[in-house]
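So the structure is just underneath, and the comments pick up after that.
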Amino acid sequence: MYPFSQPRDKRNLVALYEGLVQKLADDDEKYARPLTVLNRQTAYRNASSNDFTAFLNSHVKAFSDVIDAWSVDTCQMWLAGFGRAFDKKSTVYDVYWLIPGDFDYDSSAGRDVLAVLERIPNEVYTGNAELCLGEIKVPLNSSKQLIDTYGTYGLLYNWFPAEAQGLRTITDKPRTEFFAISHDYLRKALVSQRWYGYEQTIVILLQGMQGVRPMREIRKFELGEIVDEPIGRDTLASAMQQVERTERVLKLYWRELKERQDPLWPDKFRLLDHQSEQIRSAAMVILQQILS
């Protein structure tokens with residue numbers, strides 16, 4: 001995934017394309033040619049930049065096929081990328097692998113991550129997992145950790161308490177952008193279910209659960225301490241938005257499941273919605289106290 005917002009410094013992108021994507025492109029016996037999803041807004045906003053155009057030609061187009069997509073968020077970019085890959089003569093043995101472009105790959109930790117990143121799809125390809133999550137370490141009071149602790153899991157325990165218990169034994173980072181997924185599992189997310197514009201990783205995880213027990217083989221692989229590029233994600237406003245998006249997705253997903261199964265779902269929804277508002281409000285207070 002090309003960064004949704006063009007980074008000021010392209011060193012991390014250079015490290016990603018030269019350190020990994022070029023290697024994948026050269027190994028055409030094992031890997032299909034990589035796909036890079038580029039948001040059209042990003043392209044238009046940087047069209048006058050010679051530096052952007054030069055990098056696009058020398059690295060992105062040289063080592064991958066570019067998918068131009070109008071996207072409101074990165075999860076919609078995922079849909080364009082996974083959909084294109086799925087359409088390309090896919091077989092039941094194929095593995096689909098997401099690599100976000102907006103991380104600090106030019107650091108010592110980033111280079112260490114690039115060196116082991118292929119372990120994620122290999123876990124799926126060898127049959128050890130149907131979904132393998134790459135989990136990064138983050139500081140205790142970072143926005144990512146606060147969002148997942150007080151927002152994501154708080155809301156998950158409200159709307160899907162059994163599934164949340166099961167997922168918590170697998171991962172502390174249910175919103176990870178590093179993952180690989182099997183053909184059958186992706187087919188369910190793309191074809192049999194609705195694809196959401198926000199927090200799609202959480203939805204994919206929920207689709208693999210039956211109560212506290214996974215219906216799919218889900219594993220995690222610890223990547224280390226790589227961090228996001230500093231493009232505004234650590235601000236209070238961004239953290240609040242991510243909690244709000246998670247709540248919105250969980251509400252929609254819960255309703256779509258329950259309206260087909262439970263005639264009393266409206267009454268249950270009102271109760272859970274009230275509790276959800278309290279959880280979200282408490283998370284916002286904590287985020288404000290620490291991030292502002």
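Can you go through R213, R194 and tell me which one is within 23 Å of Q165 (Cα to Cα), among the basic types (K, R) and surrounded by fewer than 16 Cβ atoms within 10 Å (Cβ to Cβ)? Lay out the reasoning, then the answer.
On the way: R194 fails: within 23 Å of Q165 (Cα to Cα).
That would be R213, the only listed residue that is within 23 Å of Q165 (Cα to Cα), among the basic types (K, R) and surrounded by fewer than 16 Cβ atoms within 10 Å (Cβ to Cβ).
Name the pairs: first residue in segment 43-71 and in contact (Cβ under 8 Å) with a residue 12 or more places away in the chain, second residue assigned to a helix (DSSP H, G or I) and of a type in the set (K, R), Cβ to Cβ under 7 Å, at least 6 apart or on different chains?
Once the first residue is in contact (Cβ under 8 Å) with a residue 12 or more places away in the chain and sits in segment 43-71, its partners that are assigned to a helix (DSSP H, G or I) and of a type in the set (K, R) give I67/R84; D68/R40; A69/R40; W70/R40.
Pick out the one residue from Y44, Y17, Y93 that is of a type in the set (S, T, Y), surrounded by 14 or more Cβ atoms within 10 Å (Cβ to Cβ) and outside any strand (DSSP E or B).
Y17
Which condition does A62 not pass, out of (1) closer than 29 Å to I204 by Cα; (2) more than 16 Å from the chain's Cα centre (by Cα); (3) at pLDDT 95 or above; (4) not charged (D, E, K, R), if it passes all the others?
(1)
Being over 15 Å from the mean Cα position of the chain (by Cα) and either at pLDDT below 95 or of a type outside the set (D, E, K, R) (or both) is the filter here; which residues of segment 244-257 pass it? Quick ask: steps written out before the conclusion?
First, pick out the residues of segment 244-257 that are over 15 Å from the mean Cα position of the chain (by Cα): 244, 247-248, 250-257.
If the condition is that a residue be over 15 Å from the mean Cα position of the chain (by Cα) and either at pLDDT below 95 or of a type outside the set (D, E, K, R) (or both), then L250, L252, Y253, W254, E256, L257 are the ones that fit.
Inspect all residues belonging to segment 225-247 and state whether any of them is farther than 29 Å from S5 by Cα and in contact (Cβ under 8 Å) with a residue 12 or more places away in the chain.
no
Here are K220, K173: which of them is assigned to a loop (DSSP other than H, G, I, E, B) and either closer than 22 Å to W265 by Cβ or among the basic types (K, R) (or both)?
K173
I need every pair where a residue in segment 115-141 that is in contact (Cβ under 8 Å) with a residue 12 or more places away in the chain has its Cβ under 6 Å from the Cβ of a residue that is part of a helix (DSSP H, G or I) and aliphatic (A, V, I, L, M), sequence separation at least 6 or different chains.
Partner pairs satisfying both residue conditions: C132/I120; C132/V124; G134/I120; N141/I290.
The values are calculated or read from the model by the stated rules, or taken from the named source; none is laboratory data. Keep in mind that this is a model prediction, so the values were computed, not measured. We place every Cβ from the backbone using ideal geometry, glycine too, and count neighbours over all the protein chains shown.
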